[in-house]
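**Student:** Would you mind keeping the following structure in view while I ask a few things?
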Amino acid sequence: MIEFRQTTKSFGDHVVLQPTELSVKSGEVAVIIGPSGSGKSTMLRCVNALEKINGGDLLVNGISVLGSPADVRQIRRQAGMVFQQFNLFPNLTALQNVMFGSIRVKKYSKSEAQEVAETLLGKVGLFERKNHYPSQLSGGQQQRVAIARALAVQPRLMLFDEPTSALDPELRQEVMKVMQTLATEGMTMMVVTHEMHFARQVGSRLIFMEDGRVIHDGEPAALLSSPPSERFHNFLRHVQ
Ligand code: ADP
Ligand code: MG
């Protein structure tokens, strides 16, 4: 579903992603961890072509991010993204936020979009709050609306960039639970998070990055129970 082929990304002469080989299969949940500035967000942003790669290639469901504008549009449609900051439209209700993308991208009629949005809000446990504005929702609820909004265009894969980092600990769980459900249903996911419990329970892969490189890539429980490097071991002490 996602294939990095010697992919590189630089900003000016600062190489942020060293030549990277990585593939994520359909239905896999790849959890990405690593120190701040190691290139985790950039990696995700390259997948849905929010950043343009400088070298190698990167295929999403067989389509290259270096392809035509139509190819790039198709990739963006197939890859839903959820950010640390929920980025909901403050002047739209939860329902309108979820409907927005599917009307614009999927060309749904208003009633089709509303039906899909209501189903998705139910799925994330917020059907009763559908007419609330973001300011009337908790951070955890806003993030669940953001997930529903990303799902409304029926993506083939989901990219999560520290989706719970802006939330109080007691609200993180409700967002993680929604993500766990998605994973159980077979959604392909790349998740940047420092929630090690999620990595262990839900991740099919754990990827440790440092200085723009994939340092370790393996089965989460195995990596966590016997860290293969001193650096990884020290990193884990800080996040756990
Ligand atoms: P992480 O998500 O692991 O914290 P990022 O991918 O955000 O790391 O950043 C990796 C490196 O790329 C950092 O050194 C950051 O300063 C740099 N960087 C990210 N985005 C930009 C940008 N738009 N312009 C210049 N440098 C950037
Ligand atoms: Mg980041």
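**Student:** If I ask for residues that are within 16 Å of ligand 2 (Cβ to nearest atom) and aromatic (Phe, Trp, Tyr), which ones from segment 209-235 would you list?
**Tutor:** Within segment 209-235, just Phe235 meets the criteria.
**Student:** Which residues, taken from segment 68-86, are of a type in the set (A, V, I, L, M, F, W, C), surrounded by fewer than 20 Cβ atoms within 10 Å (Cβ to Cβ) and either more than 16 Å from ligand 1 (Cβ to nearest atom) or assigned to a helix (DSSP H, G or I) (or both)?
**Tutor:** Scanning segment 68-86 gives Ala70, Val72.
Yes/no per residue for (1) in contact with a Leu (Cβ under 9 Å, 6 or more places away or on another chain); (2) free of Cβ contacts under 8 Å to residues at least 60 places away in the same chain; (3) among the hydroxyl-bearing types (Ser, Thr, Tyr):
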site: Leu95; (1), (2), (3): yes, yes, no
site: Met99; (1), (2), (3): yes, yes, no
site: Glu115; (1), (2), (3): no, yes, no
site: Leu126; (1), (2), (3): yes, yes, no
site: Tyr133; (1), (2), (3): yes, yes, yes
site: Gln136; (1), (2), (3): no, yes, no
site: Arg144; (1), (2), (3): yes, yes, no
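**Student:** Is there a residue in segment 53-67 that is within 16 Å of ligand 1 (Cβ to nearest atom), outside any loop (DSSP other than H, G, I, E, B), under 16 Å from the mean Cα position of the chain (by Cα) and not hydroxyl-bearing (Ser, Thr, Tyr)?
**Tutor:** Checking segment 53-67: not a single residue is within 16 Å of ligand 1 (Cβ to nearest atom), outside any loop (DSSP other than H, G, I, E, B), under 16 Å from the mean Cα position of the chain (by Cα) and not hydroxyl-bearing (Ser, Thr, Tyr).
**Student:** Looking at (1) touching a residue at least 40 places away in the same chain (Cβ under 8 Å); (2) assigned to a loop (DSSP other than H, G, I, E, B); (3) hydrophobic (A, V, I, L, M, F, W, C); (4) within 11 Å of ligand 1 (Cβ to nearest atom), which one does Leu50 not meet, given that it meets all the others?
**Tutor:** So the condition that Leu50 fails would be (1).
**Student:** I've got another one for you. Please determine, by comparing only the residues of segment 143-163 that are assigned to a loop (DSSP other than H, G, I, E, B) and surrounded by fewer than 24 Cβ atoms within 10 Å (Cβ to Cβ), which one is nearest to ligand 2 (Cβ to nearest atom).
**Tutor:** The selected residue is Glu162.
**Student:** Scan (1) farther than 25 Å from Ala117 by Cα; (2) surrounded by 20 or more Cβ atoms within 10 Å (Cβ to Cβ) for the single condition Glu3 breaks and write down its number.
**Tutor:** Every condition holds for Glu3 apart from (2).
**Student:** Out of Ser23, Ser10, Ser36, I need the residue that is part of a strand (DSSP E or B), within 14 Å of ligand 1 (Cβ to nearest atom), surrounded by fewer than 16 Cβ atoms within 10 Å (Cβ to Cβ) and among the hydroxyl-bearing types (Ser, Thr, Tyr). Which one?
**Tutor:** Answer to the selection: Ser10.
**Student:** Considering only segment 186-197, how many residues are more than 15 Å from ligand 1 (Cβ to nearest atom) and touching a strand residue (DSSP E or B) at 6+ places or on another chain (Cβ under 7 Å)? Walk me through it before giving the result.
**Tutor:** Residues of segment 186-197 more than 15 Å from ligand 1 (Cβ to nearest atom): 186-189, 195-197.
Pick out the ones that are also touching a strand residue (DSSP E or B) at 6+ places or on another chain (Cβ under 7 Å) and you get 187-189.
Matching residues across segment 186-197 total 3.
**Student:** For segment 135-185, give me the residue count where each residue is acidic (Asp, Glu) and in contact with a strand residue (DSSP E or B) (Cβ under 9 Å, 6 or more places away or on another chain).
**Tutor:** Within segment 135-185, residues that are acidic (Asp, Glu) and in contact with a strand residue (DSSP E or B) (Cβ under 9 Å, 6 or more places away or on another chain) number 2.
**Student:** Looking only at residues in segment 6-20 that are touching a residue at least 40 places away in the same chain (Cβ under 8 Å) and either touching a helix residue (DSSP H, G or I) at 6+ places or on another chain (Cβ under 7 Å) or charged (D, E, K, R) (or both), which one is nearest to ligand 2 (Cβ to nearest atom)?
**Tutor:** Val16
**Student:** Another question, then. Going residue by residue through segment 202-211, is there one that turns out to be out of contact with any Ser or Thr (no Cβ under 7 Å at 6 or more places or on another chain), part of a helix (DSSP H, G or I) and buried (at least 18 other Cβ atoms within 10 Å of the Cβ)?
**Tutor:** Yes; the residues of segment 202-211 include at least one that is out of contact with any Ser or Thr (no Cβ under 7 Å at 6 or more places or on another chain), part of a helix (DSSP H, G or I) and buried (at least 18 other Cβ atoms within 10 Å of the Cβ).
Each value in this text was obtained by applying a stated rule to the coordinates, not by laboratory testing. These numbers were taken from a predicted model, which means no experiment stands behind them. Please note: Cβ atoms are built from the backbone with ideal geometry, for glycine as well, and neighbour counts cover all protein chains shown.
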